Amino acid sequence: MAIDVAADDLVLPFTVDALGVRGRVVRLGPVVNDIIRRHDYPAPVSALLAEAVGLTALLGCSLKFDGKFILQTSSNGPVSMLVADYATPGILRGYAQFDGDAVAALDASDDLSQAGLMGTGHLAMTIDQGQHSERYQGIVPLDQGPLSEAAHRYFAQSEQIPTRLVLTAGLLAARGGDAHDSWRAGAIMVQHLPDDGAVSPIAFSSGDVPDGHHETFEEDDNWVKARLLLDTVEDHELLDPTITPETLLYRLFHEDGARVFPAATVTRGCSCSQQRVADMLDRFSPGERADMTEDGEIVVTCEFCSTRYRFAAE
């Protein structure tokens, strides 16, 4: 079966009007593979970063202005930091910081869950509209759970919209002797936005509720159906390049009818340049630049894209 390359590296918006649901599907192929292959990360770290890039595409594509969406974790596990960002009109990049020995120890003990890799800490999601505007940032805890769990908490606390999402990443086996396995990532999200003004099916608290008291609420039947259908999505359906996003949506919502809108394409890119690095170095003192010099030159490597910039010491 021929692979439809047009079904890769895109974000496809959709609605299921009968259920009062909107959503997006993310399919990343060459873009996320390019991001991962620029680093020499262990496979578990690569998979975690690929999933973070997928989540960044899922959320960043909602920007309605020129700007940047930044996802960053900070935690006490072997993978101490993940950074991924989406710059309009659809430029993705990302990198990870990790302890190689600690990751190898997890691998040896066969405990490579996302909770084990990240440990505890926090996930920050930042919207940056440029130097003349204030940043908006939402921070939620990473509490021995996967990225998807932290993302659900972000939507509940920051956007207060009932949201369900699925994230996945993995390697696609190569075909042919000279080919290499390639990284892929996928994501799908639904949000409930009833047209009739019904109460949002999500519990809130002002913080004044007495200990031991939990607010009870009845979830909207359509929302329950939508999120239960989404929970049936399997990883291979999000990663398989022969299953188009439209096919996946038909499988999930054919009874209620999903309506798709024009897809947004994404690319890999980086904002680093020779001039920007030179400007950064110019802010250091001559003594500090001397400490950076080895064999008569200063070498700076971009953490995002691994491009190496060389400068003569003088």
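For the pair Met292 and Ala156, label points projected 7 Å from Cα toward Cβ lie 4.4 nm apart. Each part gets one Cα centre, and for region 4-35 versus region 90-164 those centres are 20 Å apart.
Of the DSSP beta bridges with both residues in the chain, give the percent that are antiparallel, rounding to the nearest 5.
Of those bridges, close to 95 percent are antiparallel.
For region 230-312, the list of chymotrypsin sites (Phe, Trp or Tyr not before Pro) that fall in a loop by DSSP and count at most 16 other C-beta atoms within 10 angstrom reads Phe284. Given DSSP loops and a limit of at most 10 other Cβ atoms within 10 Å, what is the longest stretch of the chain that contains no such trypsin sites (Lys or Arg not before Pro)? Of all site-free stretches, the longest is 65-174. Distance between the pseudo-spin-label points of His122 and Gln97 (7 Å out from Cα toward the beta carbon): 1.6 nm. A Förster radius of 30 Å combined with the Cβ-Cβ distance from Val260 to Asp221 puts the calculated FRET efficiency at roughly 0.80.
Each of Ala104 and Glu314 was given a label point 7 Å from its Cα along the Cα-to-Cβ line. The distance between the two points is 4.4 nm. When all C-alpha to C-alpha distances in region 7-268 are sorted into bins of 5 Å, what percent of pairs does each bin hold, rounded to whole numbers? Taking every Cα pair in region 7-268, the percentages come to 1, 6, 12, 16, 18, 17, 14, 9, 5, 2, 0, 0, 0.
All of the numbers you see were taken from the coordinates with simple rules; none came from a lab. All figures in this text were calculated on a predicted structure; none of them were measured in a lab. Virtual Cβ from ideal backbone geometry, glycine too; neighbours counted across all protein chains shown.
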